[in-house]
Amino acid sequence: MTDKEDILSKTSQTEIRDVINCLREFEPTKVALEVLQENEEALNKQYESFIKGDYTLTINEVDQIGFRLAKDCGRKKVYAVDWNKDEDGIPDLSGLDEWKDTDEYKAFKMIAEEIVSESNTYKQKHSIREFLLWMNDPQNVLRGQEMYMKLSLVGGKENPAGAVWTAKYWYYRNLLIYKNLVSLIDSNENRIFVLYGAAHLHLLLQFIKESGIFDVKVPSDYLG
């Protein structure tokens, strides 16, 4: 999405409407959002209020794209499919700072900063639809995964903290999201629209494609 102070501007709202109009062609039967599963009831109370005209959309993409698309497609509810909890044995990501002087940590920080900088530069000069297409471009998706591969190298032989975090938290989280998406299937006619942060794209696409369960469509099929 665009900068916080700009997302509610007339220009941005027009661009979001353009995105929604394109995505409607997918005709989703269910809209799955990056919201913790345990918050689904509260999420749908907000969505129901929005349908009734009693809820003012926030700048969050859950509202701006998720709620608006679901409403336009006549969906009575939306689905929370995220998982994000502290687990025993998983190091805190901030704890990796003890390796900040290592080449591995510097390589991870460099690509992370480059991705953020390039993203900010691109979205300032392009429409929201163009930005979403750029974020979903296979090369950019792969670059996001490269960041996690560099992160997994941070740490020592006795404490491979980066690999532990990547495997036990990042891969685990995305596998559970994938599992939650599969649980939404109750008919061969289901068309599930999934709205998630760009960092998740590589793994979610990998899991979904390799499952043999889904016929996968990507944003360029509708926004291009």
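The values are calculated or read from the model by the stated rules, or taken from the named source; none is laboratory data. Treat the numbers as computed from the prediction; the structure is a model and nothing was measured. Positions of Cβ are backbone-derived with ideal geometry, glycine not excepted, and every protein chain shown enters the neighbour counts. Quick note on the areas: whole protein, heavy atoms, side chains included, nothing else; ligands and nucleic acids left out. Shrake-Rupley method; radii C 1.70, N 1.55, O 1.52, S 1.80 Å.
Atom-type composition of the exposed protein surface of the chain places 48 percent of the accessible area on carbon and sulfur (1.4 angstrom probe). Which cross-chain or sequence-distant (5 or more) residues have an amide H under 5 Å from the amide H of residue 34, H modelled 1.01 Å from N in plane? Amide H neighbours of residue 34, under 5 Å, 5+ apart: 195. Averaged over its residues, the chain has an accessible area of 57 Å² per residue, based on protein heavy atoms and a 1.4 Å probe. For the stretch 8-21, backbone phi angles converted through the Karplus equation (6.51, -1.76, 1.60; θ = phi - 60°) give residue-by-residue couplings of 8, 5, 4, 5, 5, 5, 5, 5, 5, 4, 4, 4, 4, 4 Hz, Gly and Pro being listed as x. The Cα center of the stretch 151-224 and the Cα center of the stretch 67-105 differ in position by 11 Å. Excluding residue 218 itself, calculate the net charge of residues whose Cβ lies under 12 Å from the Cβ of residue 218, where each Lys or Arg counts +1 and each Asp or Glu counts -1. Every neighbour counted, the sum reads -1.
From its DSSP helices (H runs of at least four residues, each -39,500 (n - 2.57)), the chain gives a residue-normalised ellipticity at 222 nm of -14500 deg cm²/dmol.
Here the contact order of the chain, divided by its residue count and restricted to Cα pairs under 8 Å and six or more residues apart, works out to 29 percent.
Total lysine pairs in the stretch 155-224 at Cα distances under 28 Å, for residues eight or more apart or on different chains: 6. Apply 1/(1 + (r/R0)^6) to the Cβ-Cβ distance of residue 218 and residue 158, taking R0 = 35 Å, and write down the FRET efficiency to the nearest 0.05. Efficiency, rounded to the nearest 0.05: 0.25. Computed from Cα atoms, the angle from the helix 138-151 axis to the main principal axis of the chain rounds to 40 degrees. Under conditions of 10 °C and 1.306 mPa s, the chain yields 84 µm² s⁻¹ as its translational diffusion coefficient, taking Rh as the Kirkwood radius over Cα pairs in the Stokes-Einstein equation. Computed from Cα positions, the angle between helix 103-124 and the longest principal axis of the chain comes to roughly 20 degrees.
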